[in-house]
Amino acid sequence: MELKRVVVTGLGALTPLGNSVPEYWNALLAGTSGANLITRFDASKFKTRFACELKGFNVEDHIERKEARKMDPYTHYAMVVAKQAVEDSGIDLEKVNKDRIGVIWGSGIGGLYTFQQECFNFAHGDGTPRFNPFFIPKMIADIASGFISIQYGFRGPNYTTVSACASSNNAIIDSYNYIRLGKADIFVTGGSEAAITEAGVGGFNALKALSENNENFSTASRPFDQTRDGFVLGEGGGCLILESLDHALARGANIYAEVIGGGMSADAYHITAPHPEGLGALNVMRAALEDAEIKPEEIDYINVHGTSTPLGDVQEAKAIQHVFGEHAYNLNISSTKSMTGHLLGAAGAIEAIATIMAVRNNIIPPTINFANPDPELDPKLNFTFNKAQAREVRVAMSNTFGFGGHNTSAVFKKWEG
């Protein structure tokens with residue numbers, strides 16, 4: 001069968017850098033750090049006392065209070081970015097076939113805040129099991145996709161991908177595959193996460209995954225810098241509207257970019273550490289290139305996973321050199337997590353948006369906070385340090401990897417009509 005072409009026709013974003021796609025994109029180009037001291041709770045006794053929180057976000061500006069109380073913050077974020085993207089796409093909800101519109105959403109954790117609060121309430125009570133009747137529906141990781149479909153009446157395929165930090169990139173790739181197989185016309189896809197809680201910060205601290213650079217929190221997310229000491233936790237969400245090309249053209253949609261490939265692989269090595277030779281990263285990029293039916297030399301930019309961890313950054317860089325050979329030195333590489341922090345299951349979605357905007361606008365967002373070269377990294381690689389760089393970007397790749405050894409890579413191409 002002939003596979004359908006798939007394009008991006010709508011975008012939505014809530015990030016630590018801004019509460020819309022334009023705000024987010026402009027802050028990326030300016031090299032803005034989203035890190036600040038935690039305001040969600042008293043973090044004074046935690047090893048890490050900072051994070052990349054949303055700023056100026058009030059859920060009741062977007063969702064009626066009665067309805068918002070039925071949702072965890074990760075679902076709040078999902079609903080807001082989905083609304084942004086649906087509106088941005090210009091879809092006429094009265095004319096489309098809603099049986100042919102699906103929702104695939106990603107979240108690595110789901111309703112962590114809800115789970116934590118209900119457990120706190122029980123532990124501090126008299127032992128009588130008094131739980132909120134919305135406890136389970138608010139907490140489960142699939143509920144955001146359910147709420148989105150109910151809001152708009154979208155009756156196509158509906159589920160959630162859970163693959164830790166690769167979750168929303170998995171959702172994007174699954175949506176792409178469903179459309180090109182002709183199983184749907186449109187997908188609302190992406191991911192959201194709200195893990196800046198006592199349990200989230202304390203748990204990642206116990207795992208020794210977070211930066212503890214409290215004295216220099218605004219520059220603590222420093223991918224590829226020799227002094228990096230862990231990732232900075234972020235929150236928010238991103239949404240993409242994916243659509244078959246023929247459907248998009250028929251309704252005169254604005255097209256941001258074309259999705260031309262997606263790869264998935266497993267490290268099959270360790271629950272948290274990357275493969276020491278970067279094998280999973282290497283395999284997933286090769287799989288994405290093969291799926292896109294392009295040569296390595298056709299890639300201009302890679303938005304890397306680049307979490308600012310001592311092991312992960314080096315292994316991903318080495319994998320890029322293995323896959324791209326000499327062309328690796330012609331690539332622009334950047335980690336936007338240096339600015340947003342790590343949004344866990346939502347990382348793939350907001351980084352896909354950054355990649356698409358780079359393709360659309362021919363400019364590469366930087367990797368900020370770099371000062372100290374790492375002798376384990378090839379100095380000839382262009383990590384786009386500290387300042388955005390203008391260049392033609394015809395094809396770009398977005399990598400996201402997750403605990404458990406989950407690896408994903410999506411490929412986007414400039415739309416030229």
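The values are calculated or read from the model by the stated rules, or taken from the named source; none is laboratory data. On a predicted model such as this, the values are computed, not experimentally measured, just so you know. When we count neighbours, we look across all protein chains shown, and the Cβ atoms used for this are built from the backbone with ideal geometry, even at glycine. Accessible surface areas use protein heavy atoms only, side chains included; no ligands, DNA or RNA. Shrake-Rupley method; radii C 1.70, N 1.55, O 1.52, S 1.80 Å.
Which of 263, 127, 325 moves the most in a Gaussian network model of the chain with Cα springs under 10 Å? Evaluated over the chain, the most mobile residue of the options is 127. Taking Cα centre as origin and charging only the Cβ of basic (Lys, Arg, +1) and acidic (Asp, Glu, -1) residues, the dipole magnitude of the chain rounds to 480 debye.
Where in the chain lies the longest segment free of GluC sites (Glu not before Pro) that are both loop residues by DSSP (not H, G, I, E, B) and have at most 11 other Cβ atoms within 10 Å?
The reported range is 95-292.
Think of the chain as a dipole: +1 on every Lys or Arg Cβ, -1 on every Asp or Glu Cβ, centred on the Cα centre; then among 328, 312, 71, 71 lies furthest on the positive end. Remark: the stretch 230-242, residue by residue, has Karplus-estimated 3J(HN,Hα) of x, 8, 10, 6, x, 8, x, x, x, 9, 10, 9, 9 Hz, where x stands for each Gly or Pro and the curve is 6.51 cos²θ - 1.76 cosθ + 1.60 at θ = phi - 60°. The trypsin sites (Lys or Arg not before Pro) of the stretch 54-100 that meet both conditions, a loop assignment by DSSP and at most 16 other Cβ atoms within 10 Å of the site Cβ, are 55, 69, 70, 95. Give the residue from 135, 259, 103 lying farthest towards the positive end of the charge dipole for the chain; charges sit on Cβ (+1 for Lys and Arg, -1 for Asp and Glu) and the dipole is referred to the Cα centre. Final value for the positive-end residue is 135.
The separation of the stretch 37-82 from the stretch 353-417, counted between C-alpha centres, amounts to 28 Å. Considering only 352, 388, 257, the mean-square fluctuation computed in a Gaussian network model of the chain, springs between alpha carbons under 10 angstrom, is largest for 388. Between rounded, prolate and oblate, where does the stretch 120-177 land on the alpha carbon gyration tensor, with a ≥ b ≥ c its root eigenvalues, rounded for a/c under 1.5, else prolate if a/b exceeds b/c? It comes out oblate by the Cα gyration axes. In this calculation the C-beta distance from residue 151 to residue 249 is compared with R0 = 22 Å, giving a FRET efficiency of 0.25. Annotation: the antiparallel percentage among DSSP beta bridges lying fully within the chain is about 65. Sparse packing (at most 13 other Cβ atoms within 10 Å of the Cβ) combined with a DSSP loop state is found for the following trypsin sites (Lys or Arg not before Pro) in the stretch 146-243: 208. Couplings for the stretch 41-55, taken from phi via the Karplus curve 6.51 cos²θ - 1.76 cosθ + 1.60 with θ = phi - 60°, read 7, 6, 9, 4, 9, 8, 5, 10, 10, 9, 6, 9, 7, 5, 10 Hz in order; Gly and Pro are left as x. About its Cα centre, the stretch 355-417 has a charge dipole of approximately 320 debye under the convention of +1 per Lys or Arg Cβ and -1 per Asp or Glu Cβ, with nothing else charged. Approximating the spin labels as points 7 Å out from Cα along Cα→Cβ, the residue 361-to-residue 55 distance works out to 1.7 nm. These residues, 313, 174, go from largest to smallest accessible area, 1.4 Å probe, as 174, 313.
Between the stretch 230-290 and the stretch 102-119, the C-alpha centres lie 21 angstrom from each other. Between residue 62 and residue 293, the simple label model (points 7 Å from Cα in the Cβ direction) yields a spacing of 3.8 nm.
Remark: the stretch 1-104 carries 49 Å² of accessible area per residue (probe radius 1.4 Å; ligands, DNA and RNA excluded). Using bins of 10 Å that start at zero, the share of Cα-Cα pairs per bin across the stretch 166-260 amounts to 14, 31, 22, 19, 13, 1, in whole %. A Förster distance of 56 Å, applied to the separation of the beta-carbon atoms of residue 214 and residue 2, puts the FRET efficiency at 0.50. Can you pull the percent of the stretch 276-343's accessible area that's carbon plus sulfur, 1.4 Å probe, other chains left in place? Answer for the stretch 276-343 is 48 percent, counting heavy atoms of protein chains only.
With all protein chains in place and a 1.4 Å probe, the accessible surface of the stretch 47-198 carries 51 percent carbon and sulfur.
Remark: the Cα gyration tensor places the stretch 9-158 in the oblate category, a/c being 1.5 or greater and a/b not exceeding b/c. A simple spin-label model places pseudo-atoms 7 Å from Cα toward Cβ; at residue 45 and residue 131 they are separated by 2.6 nm. If you sort the three axes of the alpha carbon gyration tensor as a ≥ b ≥ c, you get a/c of 1.5 or more for the stretch 349-417 and a/b no higher than b/c, which makes it oblate.
For the stretch 16-137, the tally of Lys pairs with Cα-Cα distances below 22 Å comes to 5, considering only residues 8 or more apart or on different chains.
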